[in-house]
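Chemist: Structure incoming, see below.
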């Protein structure tokens, strides 16, 4: 029989790229019987063939997530026997502890540098953040030593854990999802558009992008296209910008609509603010733009510079300086041949180095070691439940 693996998340959707499209799909294709237990998929997204999916509704608030959702997830894990439980959120450490006490095999997936995330969280009182960050670092490190395997999304996160069975599987893009998505329309013939796609928040540069596009001197007037998830309160906060004609909110984009946007854009924006977390990790969006062949305008962090500057795939700016961002956008508009060359250099770098195809092999090797080199033969996927 195939080894049975359950991916569990209390915060990520079943359609999450790292969980479903990459890890679960890769393991299922290799012969593991994989089930994903996560929040309801994002509207308009498709789930990959191979893994089984069990979707649960998102709780209304953090407190309800901890008091009601975690016990429900733990009960499910206890009732259903799997060969490994792959946990994707920091609060699920509590589930992992219970499962380890019951003799189950636990894999902990660390998506972010959580001690740094705590220091950046505005909803945590500032006086408590340093203490909570130190506590979490010790608590998480202790669990990593106990877990059967820990998978980190960034080498900088792996360095937090000197002990334990730790492997880094970076969240690089699947090349076939992005190759050629920027289209064949020459840069000089494209409209004066720049694109951002993903979760849209203040820390991810929303207000800087909106202000920068208003400052760009170009004819015809430039347009910032925002694709992704944007809260109602933030939509209200940029109401004036949305009515100006220079900023457009598109909602979440499926693959077809995203490909169309990429083919019309002249640059992809990724202007995350200098939080403690973002200063040590590189977001997947950077590599997705590169894989699509789109030049990037990115935050000038030393950690990011080693990719953007060394590969020559875009421009680096102060993400808090809207004037600097505006000048970078103007440069891209005024130098279409160089912009196209940046995009091509990024595409080649992604194909050579920054892609899921190589990271997926790392994941399979790690699971092979976890199970003593045995993956078993492929098994039919269980039916999906919605």
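The values are calculated or read from the model by the stated rules, or taken from the named source; none is laboratory data. All values derive from a computational prediction rather than experimental measurement. Don't worry about glycine lacking a Cβ; one is built from the backbone with ideal geometry, like all the others, and counts go over all protein chains shown.
Chemist: I'd like to know if region 212-221 contains one or more residues that are within 21 Å of the chain's Cα centre (by Cα), in the same structural domain as residue 319 (by TED's automatic domain parsing) and either touching a residue at least 40 places away in the same chain (Cβ under 8 Å) or surrounded by 15 or more Cβ atoms within 10 Å (Cβ to Cβ) (or both).
Modeler: Within region 212-221 (the criterion being within 21 Å of the chain's Cα centre (by Cα), in the same structural domain as residue 319 (by TED's automatic domain parsing) and either touching a residue at least 40 places away in the same chain (Cβ under 8 Å) or surrounded by 15 or more Cβ atoms within 10 Å (Cβ to Cβ) (or both)), the answer is no, since none of the residues qualifies.
Chemist: On to the next question. Tell me, yes or no, whether region 332-355 has at least one residue that is assigned to a loop (DSSP other than H, G, I, E, B), within 21 Å of residue 186 (Cβ to Cβ) and modelled with pLDDT of 95 or more. Even if it seems obvious, please write down each step before you answer.
Modeler: Step one: list which residues in region 332-355 are assigned to a loop (DSSP other than H, G, I, E, B), which gives 335, 353-355.
In the following step, the residues that additionally are within 21 Å of residue 186 (Cβ to Cβ) were identified as 335.
Pick out the ones that are also modelled with pLDDT of 95 or more and you get 335.
Scanning region 332-355 turns up at least one residue that is assigned to a loop (DSSP other than H, G, I, E, B), within 21 Å of residue 186 (Cβ to Cβ) and modelled with pLDDT of 95 or more.
Chemist: Can I ask one more? If you go through region 169-187 one residue at a time, do you hit one that is part of a strand (DSSP E or B), buried (at least 16 other Cβ atoms within 10 Å of the Cβ) and either in contact with a strand residue (DSSP E or B) (Cβ under 9 Å, 6 or more places away or on another chain) or at pLDDT 95 or above (or both)? Walk me through it before giving the result.
Modeler: Keep residues of region 169-187 that are part of a strand (DSSP E or B), which gives none.
No, region 169-187 contains no residue that is part of a strand (DSSP E or B), buried (at least 16 other Cβ atoms within 10 Å of the Cβ) and either in contact with a strand residue (DSSP E or B) (Cβ under 9 Å, 6 or more places away or on another chain) or at pLDDT 95 or above (or both).
Chemist: Considering only region 1-33, how many residues are within 21 Å of the chain's Cα centre (by Cα), over 19 Å from residue 252 (Cβ atoms) and part of a strand (DSSP E or B)?
Modeler: 4
Chemist: Moving on. State whether one or more residues within region 256-274 are over 18 Å from the mean Cα position of the chain (by Cα), modelled with pLDDT of 90 or more, part of a strand (DSSP E or B) and surrounded by fewer than 22 Cβ atoms within 10 Å (Cβ to Cβ).
Modeler: no
Chemist: Here are the criteria: (1) buried (at least 23 other Cβ atoms within 10 Å of the Cβ); (2) over 17 Å from the mean Cα position of the chain (by Cα). Tell me which single one residue 74 does not satisfy.
Modeler: Checking residue 74 against (1) buried (at least 23 other Cβ atoms within 10 Å of the Cβ); (2) over 17 Å from the mean Cα position of the chain (by Cα), the one that fails is (1).
Chemist: Can I ask one more? For region 318-342, which residues satisfy the criterion of being within 30 Å of residue 168 (Cα to Cα) and in contact with a helix residue (DSSP H, G or I) (Cβ under 8 Å, 6 or more places away or on another chain)? Walk me through it before giving the result.
Modeler: Residues of region 318-342 within 30 Å of residue 168 (Cα to Cα): 318-319, 342.
The answer is 318, 319.
Chemist: Condition check: in a helix (DSSP H, G or I) and in the same structural domain as residue 167 (by TED's automatic domain parsing). Does residue 104 satisfy that? Steps first, please.
Modeler: Working: in a helix (DSSP H, G or I): no; in the same structural domain as residue 167 (by TED's automatic domain parsing): yes.
Considered against the rule, which asks whether it is in a helix (DSSP H, G or I) and in the same structural domain as residue 167 (by TED's automatic domain parsing), residue 104 comes out as no.
Chemist: Which one is modelled with the highest pLDDT among residues in region 136-157 that are surrounded by fewer than 19 Cβ atoms within 10 Å (Cβ to Cβ) and farther than 22 Å from residue 99 by Cβ?
Modeler: Filtering region 136-157 for residues that are surrounded by fewer than 19 Cβ atoms within 10 Å (Cβ to Cβ) and farther than 22 Å from residue 99 by Cβ, the one modelled with the highest pLDDT comes out as 137.
Chemist: With respect to residue 202, determine if the residue is outside any loop (DSSP other than H, G, I, E, B) and more than 20 Å from residue 96 (Cβ to Cβ).
Modeler: Details: outside any loop (DSSP other than H, G, I, E, B): no; more than 20 Å from residue 96 (Cβ to Cβ): yes.
Against the criterion (outside any loop (DSSP other than H, G, I, E, B) and more than 20 Å from residue 96 (Cβ to Cβ)), residue 202 does not qualify.
Chemist: Taking the stated definitions as given, is residue 84 under 25 Å from residue 167 (Cα atoms), in contact (Cβ under 8 Å) with a residue 40 or more places away in the chain and touching a helix residue (DSSP H, G or I) at 6+ places or on another chain (Cβ under 8 Å)? First the steps, then the outcome.
Modeler: Working: under 25 Å from residue 167 (Cα atoms): yes; in contact (Cβ under 8 Å) with a residue 40 or more places away in the chain: yes; touching a helix residue (DSSP H, G or I) at 6+ places or on another chain (Cβ under 8 Å): yes.
Judged against the criteria, residue 84 is a match.
Chemist: Hey, among 278, 287, which residue is in a loop (DSSP other than H, G, I, E, B) and crowded, with 23+ Cβ neighbours inside 10 Å?
Modeler: Numbers: 287 fails: in a loop (DSSP other than H, G, I, E, B).
Only one candidate passes the filter, namely 278.
Chemist: Conditions first: (1) surrounded by fewer than 15 Cβ atoms within 10 Å (Cβ to Cβ); (2) farther than 17 Å from residue 317 by Cβ; (3) over 18 Å from the mean Cα position of the chain (by Cα). Residue 229 passes all but one, so which condition is the exception?
Modeler: Among (1) surrounded by fewer than 15 Cβ atoms within 10 Å (Cβ to Cβ); (2) farther than 17 Å from residue 317 by Cβ; (3) over 18 Å from the mean Cα position of the chain (by Cα), the lone unmet condition for residue 229 is (3).
Chemist: Return the only residue of 230, 286 being more than 21 Å from residue 328 (Cα to Cα), in the same structural domain as residue 313 (by TED's automatic domain parsing) and in contact with a strand residue (DSSP E or B) (Cβ under 9 Å, 6 or more places away or on another chain).
Modeler: Values: 286 fails: more than 21 Å from residue 328 (Cα to Cα).
One residue alone meets the criteria, 230.
Chemist: Which of the residues belonging to region 52-71 are touching a helix residue (DSSP H, G or I) at 6+ places or on another chain (Cβ under 7 Å) and either surrounded by fewer than 17 Cβ atoms within 10 Å (Cβ to Cβ) or free of Cβ contacts under 8 Å to residues at least 24 places away in the same chain (or both)? It would help to see each step written out before you state the result.
Modeler: Kept after step one, since they are touching a helix residue (DSSP H, G or I) at 6+ places or on another chain (Cβ under 7 Å), are these residues of region 52-71: 59, 66, 70.
Result: 59, 66.
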